[in-house]
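Okay, so here's the structure we're looking at.
The values are calculated or read from the model by the stated rules, or taken from the named source; none is laboratory data. Bear in mind that the values here come from a model prediction, so they are computed numbers and not experimental data. Because the Cβ atoms are built from the backbone with ideal geometry, glycine has one as well, and the counts that use them run over all protein chains shown. Calculation scope for accessible area: heavy atoms of the full protein, side chains included, ligands and nucleic acids excluded. Shrake-Rupley method; radii C 1.70, N 1.55, O 1.52, S 1.80 Å.
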Amino acid sequence: MSFTPTHDTPVYVISVAAELAGMHAQTLRQYDRLGLVTPSRTQGGGRRYSARDITMLREIQRLSQEEGISLAGIQRIMELEHQVEALQDKVLELTERLTALQAGTRFFAAGSDGQIVELRPGERPLRPSRSTALVSWQP
């Protein structure tokens, strides 16, 4: 059985990560303190960087040196990029849910007497119940 690291596997110690990113190890520590790149930690507290972290370090360096963006600006850019990624994931999730609805997914809700009633998409129970729980079931 062999181990094949992925792009997210934390395998590089700080000295190797610094060399791969073309930076000083102290710079990586500073970026970690600022939250720009947060490496994984070993049980003893040592930093371990992934290939994705190295890519991010190189991008931070490019933005700082070539574009002249401050570290605070880079941090804001990264926050916005994370928000965009989260929104794209949410759009994908909602699109999949909509597709499932259009494909005839069945919905169930608790009726006023506590019994489970099947509903069609967009339909509400005939009698209003106090529960707002809704369960989606896909056979």
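Looking across region 7-55, just one residue is more than 21 Å from the chain's Cα centre (by Cα) and acidic (Asp, Glu), and that is Glu19. Just one residue in the set Asp113, Asp8 is out of contact with any Leu (no Cβ under 7 Å at 6 or more places or on another chain), closer than 30 Å to Leu134 by Cα, assigned to a loop (DSSP other than H, G, I, E, B) and open to solvent by 70 Å² or more (accessible area, probe 1.4 Å); that residue is Asp113. Taking region 24-43 as the search range and keeping residues that are within 13 Å of Asp53 (Cα to Cα) and part of a loop (DSSP other than H, G, I, E, B), which one is most open to solvent (accessible area, probe 1.4 Å)? Looking at the filtered set, the residue picked out is Thr38. If I filter region 45-54 for residues that are open to solvent by 70 Å² or more (accessible area, probe 1.4 Å) and over 30 Å from Trp137 (Cβ atoms), do I get at least one hit? Taking every residue of region 45-54 in turn, at least one turns out to be open to solvent by 70 Å² or more (accessible area, probe 1.4 Å) and over 30 Å from Trp137 (Cβ atoms). Within region 62-80, the presence of a residue that is at pLDDT 90 or above, open to solvent by 100 Å² or more (accessible area, probe 1.4 Å) and closer than 30 Å to Thr4 by Cβ is excluded.
When region 65-91 is examined, which residues are found to be within 13 Å of the chain's Cα centre (by Cα), among the aliphatic types (A, V, I, L, M) and closer than 30 Å to Trp137 by Cβ?
If the condition is that a residue be within 13 Å of the chain's Cα centre (by Cα), among the aliphatic types (A, V, I, L, M) and closer than 30 Å to Trp137 by Cβ, then Ala86, Leu87 are the ones that fit.
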